[in-house]
Amino acid sequence: MEELVRIIAKSLVDEPDSVDVKTVEDGDEITIELRVSDNDMGKVIGKQGRIAKAIRTVVKAVATRENKRVSVEILQ
């Protein structure tokens, strides 16, 4: 799932080399942390958070198929 988020984020931003994705596991909860450059933050979040919501929806769909609880956080 980390690779899925990385591919999606790199396709959205102007600086794909600045995309950093990290997985943090806390018990049965998995958190995927996404970091992009400040200039690309708006492209990843989208108008009214639509793109961020779409990324989270795709990741949750994959996680559901694998019976896991996954959340995506977009960090600065």
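Values in this text are rule-based calculations from the coordinates and carry no lab data. Remember, it's a predicted structure, so these values are computed and weren't measured experimentally. Neighbour counts run over all protein chains shown; Cβ positions are idealised from the backbone, glycine included.
So the values come out like this:
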{"read-out": "Identified option (computed semi-axes √(5λ) of the Cα gyration tensor in Å; candidates (1) 37, 24, 11; (2) 21, 13, 10; (3) 17, 14, 11)", "value": "(2)"}
{"read-out": "Coil-residue GluC sites (Glu not before Pro) of segment 3-76, DSSP, other Cβ within 10 Å capped at 12", "value": "Glu66"}
{"read-out": "Proximal lysines to Lys43, defined as alpha-carbon separation beneath 16 angstrom and excluding residues fewer than eight positions away on the same chain", "value": "Lys10, Lys53"}
{"read-out": "Rounded tilt (10° steps) of 50-65 against the dominant C-alpha axis of the chain", "value": "20 degrees"}
{"read-out": "Segment 22-30 - phi-based ³J(HN,Hα) in whole Hz, Karplus 6.51/-1.76/1.60, Gly and Pro as x", "value": "9, 9, 10, 9, 9, x, 9, 9, 10"}
